[in-house]
Amino acid sequence: MEEIEQDVNTKPLTWKQYLVVASLLFGLFFGAGNLIFPIHLGQLSGANWGIATFGFLVTAVLLPLLAVLAISASHAKGVYDIGRPLGNIFALVFMVLIHLTLGPLFATPRTASISFSVGLQPVLPKSAAKPALLIFSAIFFILAFIISYKQSTILTSIGKILNPLFLLLLFSIFLLAAISPMGAAKNQSVTAAYQSAPFFNGFLEGYNTMDALAGLAFGYTIVSAVRQLGKTSAKSNAKVTARAGVIATSAIGIIYIGLIWVGATTLNHFKISAEGGTVFNQIVTYYLGNFGHALLATLVTLTCLTTAVGLIAAFAQDFHRSFNKISYHGWLTIMTLVSFITANFGLDTIIAWSTPMLMFLYPIAMVLIILSISSSLFDRDPIVYFWGIVFTFIPAILDMVASFPAVISQKPWALQLRSIQSRFLPFADIGMDWVIPAVIGLAIGFIIHFYKKAKIN
């Protein structure tokens, strides 16, 4: 059994080894959305950036850490195991939806499209944008495929090479912004949404990073990397993963605070952009001119490439375990090709269609993460999972419909659902209408579980 398996390496890991694993986690988590969405949040929240930051950190830092801990605590080997208490069909569907979202439909194509739109598109004529994106995304995904091809090279490639380069580039920007800020963040204007509910809007903005979903998907990759260091028993593997996760997510949280603050200081100079990529380019160009733009292109490409590598590898690993007629390298090839095709639809289209899926998946993922971490309290009883997810599922579906682009959300039937949602579900106007139903469902599940347990005893 895995629980009683002895470690190949019985010695405690050194701080250097912990930092290598943390660096892997950092590189896998921090990518495209992690650059543009915090800056965008800073612009939207203005003087209320501090309160909005707390909300953002819950879903963009704390929740991803809890996702990694859920994998460790439940000894899961992937997304599938997290959903398995609800049955194999649910587990399979949940795994497929998570990986399609993180994979070829949204997150992975976004890594290439953001790299292009922030780094190269501003210096190209509009007529050259589409063919240039085609060439850029082809090169981008070829590199990601090569790095991902041998699973044993992922730790070295990401943790030891790309991350230090990325950190050097990023903190050079922070240093310049601190020495000569563009304005006082506390004096900036605040958009309407962030005047009334800055915390909850920051909370929802954190969905866009997709890191909680990524934490579930990356779990097996991290566990495998720790096993390479000789920590092969379930208990010690989980302990190492948890400690490295705290280091990595703490570093990411510090960077988020810096990015949000920088975004809030820009409002005296730049208009609020549709997404943070545009203003990030404006910030760096403001401080460093043409050299700054080249620096930004390098920065964004490196961070996005590290994320793409992790997403592609995790997708291939989980799908090979569930659909093993196709090899790991076969799934790797499929993932890379489909992501390349989707990336060429453009960044705006990808973001517009990813939001509904996130509004549906995030509440369900949050409930599953909490249940996985606390499963020892209720003996991993499927009845608790069932009632918690059933009550979360309905408002999550309604939030998904309401957040679709107008081609769907403005249909008469969708508007009717929105009216019902607003009338009967508290907090629907801020996208938090799933919370009370989830608590009720979990309470029902716990009551049934402990009633059955007391009856048996």
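Within this structure, residue 83 fails the test of being at positive phi, assigned to a helix (DSSP H, G or I) and buried (at least 23 other Cβ atoms within 10 Å of the Cβ). The stretch 104-204 holds helices (runs of 4 or more DSSP H) entirely within its bounds, and those carrying 2 or more residues that are modelled with pLDDT under 85 and surrounded by 17 or more Cβ atoms within 10 Å (Cβ to Cβ) map to 107-119, 129-149, 163-179.
One residue stands out among those in the stretch 245-272 that are closer than 13 Å to residue 68 by Cα and touching a Leu at 6+ places or on another chain (Cβ under 6 Å): the one that is surrounded by the most Cβ atoms within 10 Å (Cβ to Cβ), which is 248. For residue 308, the stated conditions hold: it is touching a residue at least 60 places away in the same chain (Cβ under 8 Å) and under 21 Å from residue 35 (Cβ atoms). Each residue in the stretch 333-359 was checked for being β-branched (Val, Ile, Thr), over 14 Å from residue 112 (Cα atoms) and outside the structural domain of residue 130 (by TED's automatic domain parsing), and 1 of them qualify. Among the residues of the stretch 73-89, is any among the hydrophobic types (A, V, I, L, M, F, W, C), without any contact (Cβ under 8 Å) to a residue 40 or more places away in the chain and not assigned by TED's automatic domain parsing to the domain that holds residue 365? Looking through the stretch 73-89, at least one residue is among the hydrophobic types (A, V, I, L, M, F, W, C), without any contact (Cβ under 8 Å) to a residue 40 or more places away in the chain and not assigned by TED's automatic domain parsing to the domain that holds residue 365.
Taken over the stretch 269-309, the residue count meeting the criterion of being of a type in the set (Phe, Trp, Tyr) and within 25 Å of the chain's Cα centre (by Cα) is 1. Scanning the stretch 19-70 for residues that are aromatic (Phe, Trp, Tyr) and modelled with pLDDT of 85 or more gives 37, 49, 54, 56. Inspection of the stretch 412-424 identifies at least one residue that is over 28 Å from residue 351 (Cα atoms) and aromatic (Phe, Trp, Tyr).
Residue 433 passes every criterion in (1) under 28 Å from residue 444 (Cβ atoms); (2) part of a helix (DSSP H, G or I); (3) more than 20 Å from the chain's Cα centre (by Cα); (4) not hydroxyl-bearing (Ser, Thr, Tyr) apart from (2). Here residue 8 passes the criteria (1) surrounded by fewer than 19 Cβ atoms within 10 Å (Cβ to Cβ); (2) touching a residue at least 40 places away in the same chain (Cβ under 8 Å); (3) in a helix (DSSP H, G or I) except the one numbered (3). For residue 400, the conditions (1) within 17 Å of residue 212 (Cβ to Cβ); (2) crowded, with 23+ Cβ neighbours inside 10 Å all hold with the exception of (2). Would a scan of the stretch 232-253 turn up a residue that is more than 22 Å from the chain's Cα centre (by Cα), in the same structural domain as residue 79 (by TED's automatic domain parsing) and assigned to a loop (DSSP other than H, G, I, E, B)? Yes, there is a match, as at least one residue in the stretch 232-253 is more than 22 Å from the chain's Cα centre (by Cα), in the same structural domain as residue 79 (by TED's automatic domain parsing) and assigned to a loop (DSSP other than H, G, I, E, B). You will find that of 351, 312, 369, the residue that is farther than 24 Å from residue 70 by Cα, buried (at least 16 other Cβ atoms within 10 Å of the Cβ) and within 19 Å of the chain's Cα centre (by Cα) is 351 and no other.
Consider the stretch 274-283 and keep the residues that are under 14 Å from residue 120 (Cα atoms) and touching a helix residue (DSSP H, G or I) at 6+ places or on another chain (Cβ under 6 Å). The one that is surrounded by the fewest Cβ atoms within 10 Å (Cβ to Cβ) is 281. Among the residues of the stretch 211-222, the ones that are in contact with a Lys or Arg (Cβ under 9 Å, 6 or more places away or on another chain) and crowded, with 24+ Cβ neighbours inside 10 Å come to 1 in all.
From the list 143, 124, the one residue that fits, being more than 24 Å from the chain's Cα centre (by Cα) and more than 26 Å from residue 207 (Cβ to Cβ), is 124.
Each residue in the stretch 347-398 was checked for being assigned to a helix (DSSP H, G or I), among the hydroxyl-bearing types (Ser, Thr, Tyr) and farther than 21 Å from residue 105 by Cβ, and 5 pass.
Cβ-Cβ distances below 9 Å connect the following pairs, each with a first residue in the stretch 353-376 that is touching a residue at least 12 places away in the same chain (Cβ under 8 Å), a second residue that is of a type in the set (D, E, K, R) and not in a helix (DSSP H, G or I), and a separation of six or more residues or different chains: 371/380; 372/380; 375/381.
Filtered by the rule that a residue be hydrophobic (A, V, I, L, M, F, W, C) and crowded, with 24+ Cβ neighbours inside 10 Å, the stretch 45-60 gives 49, 52, 56, 60.
The values are calculated or read from the model by the stated rules, or taken from the named source; none is laboratory data. Just so you know, these numbers come straight off a predicted model, no measurement behind them. All Cβ positions, even for glycine, are placed from backbone atoms using ideal geometry, and neighbour counts span all protein chains on display.
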